[in-house]
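The structure appears below as structure tokens.
The values are calculated or read from the model by the stated rules, or taken from the named source; none is laboratory data. Here the structure is a predicted model, which means the values were calculated and not measured. Note that we place each Cβ from the backbone using ideal geometry, even for glycine, and neighbour counts take in every protein chain shown. Accessible surface areas use protein heavy atoms only, side chains included; no ligands, DNA or RNA. Shrake-Rupley method; radii C 1.70, N 1.55, O 1.52, S 1.80 Å.
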Amino acid sequence: MARPDMARTLVASLLTTFGPALTAPLYLFFFEDARGYTPGQADLLLLIYVLSGLVAPAFWTRIAKRFSKHQTIKIASVVYAIAQTCLLLLPPAHFWPMSIAMFTVGFVASAFAFVIRAMVADICDEVRLETGKDRTALLYALVTAIAKFASTVSVGVAYTLLPLFGFKAAEGAANSAQAMFGLQALYLVPPVACVLLGGLSMFGYKLTEVRHNEIRAALSALGAKISGGRPQGTDAPVPEPAGNLAPGE
């Protein structure tokens, strides 16, 4: 966790998971009570959000190859902030404009977990080169635990903050205009702020595509050296060096 690039990745995972997850407990209140959609329309909008995340990975893969993975997190965080803001700016009870906005939000939100886990794979290669040990399971366990923690606490945070704005979550409860404003602010500001901070955490990330290619080449050379000159794939486990072998040697 003290490894700078891994620390940045964990922070990004925490924030980009917590932000969108915070909207889940508020979803029905926001769309039905504050934005005037029927339960059926709210269900369809949620389905659009989910389905957009299924088609997005191919797009984000191309973006990551073009601009690098950590830059993709920055790009996605800005686009998410814009798309999430549009949910509040669109006129109430207009299904088709909102469906486009929800498709965009879901499309962008899916990038974070997908790209961050690809970044962890790169860090696994770096750790394997520097230590001679495969820590893939440990590193993936860390990032998965952080994401699950963020998703879990988001529910408690949402229902703790709602009463502070005077919003009553009970079925059939009458809420004031101030309470509705608080609900909409809670649906917009914390998620956007968290995701933008997650994007900011990527500044200073040093494991670029160029550096990762160097690492993979070094792993291949090290594997061939240890096996007596027989080429090995870079995905093969690297035995622990007998001495202090410098990276690239």
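Within segment 151-227, what whole-number % of the accessible surface is contributed by carbon and sulfur, with the 1.4 Å probe and all protein chains included in the calculation? Write out the running numbers ahead of the final one.
Values: 2730 of 4090 Å².
Accessible surface attributable to carbon and sulfur in segment 151-227 totals 67 percent.
Per-residue ellipticity at 222 nm for the chain, helices alone: DSSP H runs ≥ 4 residues times -39500 (n - 2.57), over residue total, nearest 500 deg cm²/dmol? Show your work: numbers first, answer last.
Details: 7 runs with 175 residues, N = 249.
Value at 222 nm, helices only: -25000 deg cm²/dmol.
Considering only protein heavy atoms and a 1.4 Å probe, what is the carbon-and-sulfur percentage of the accessible area of segment 14-63?
Details: 1630 of 2250 Å².
Heavy-atom surface of segment 14-63 belonging to carbon and sulfur, 1.4 Å probe: 72 percent.
State the number of lysine pairs found in the chain whose Cα atoms come within less than 18 Å, restricting to pairs 8 or more positions apart or on distinct chains. Don't skip to the end; give the middle numbers.
Values: Lys65/Lys74; Lys65/Lys206; Lys69/Lys206; Lys74/Lys206; Lys133/Lys225.
Counting lysine pairs in the chain gives 5.
Would you check the accessible area of Ile75, probe 1.4 Å, heavy atoms only, in square angstrom rounded to 10?
Probe radius 1.4 Å; accessible area of Ile75 about 70 Å².
Give the accessible surface of the chain per residue, rounded to a whole number of Å², with probe radius 1.4 Å and ligands, DNA and RNA excluded.
Details: 12500 Å² over 249 residues.
In whole numbers, the chain has 50 Å² accessible per residue.
Please state, as a whole number in µm²/s, the translational diffusion coefficient that the Stokes-Einstein equation yields for segment 106-219 at 25 °C and 0.890 mPa s, with Rh defined as the Kirkwood radius across alpha carbon pairs. It would help to have the intermediate numbers written out before the result.
Values: Rh = 17.4 Å.
For these conditions, the coefficient is 141 µm²/s.
Helix 209-226 versus the longest principal axis of the chain: what is the Cα-based angle in degrees, 0 to 90, to the nearest 10?
Approximately 40 degrees, to the nearest 10.
Counting only Cα atoms, I'd like the Rg/Rh figure for the chain, Kirkwood definition for Rh.
Details: Rg = 21.9 Å, Rh = 20.0 Å.
Computed over Cα atoms, the ratio is 1.10.
Which FRET efficiency, nearest 0.05, do Tyr27 and Thr61 yield, Cβ-Cβ r, R0 22 Å?
After rounding, the FRET efficiency stands at 0.20.
Given the convex hull over the Cα atoms of segment 117-176, what projected area results after averaging over all orientations, in nm²? Don't skip to the answer; put the middle values down first.
Values: hull surface 24.5 nm².
For the Cα atoms of segment 117-176, the hull's average projected area reads 6.1 nm².
Fully extended, how many nm does the chain gain between Glu130 and Ala145 (0.36 nm per residue separation, minus their Cα-Cα distance)? Intermediate values should be presented prior to the final figure.
Numbers: separation 15, 0.36 × 15 = 5.40 nm, distance 2.43 nm.
Gain on stretching Glu130 to Ala145: 3.0 nm.
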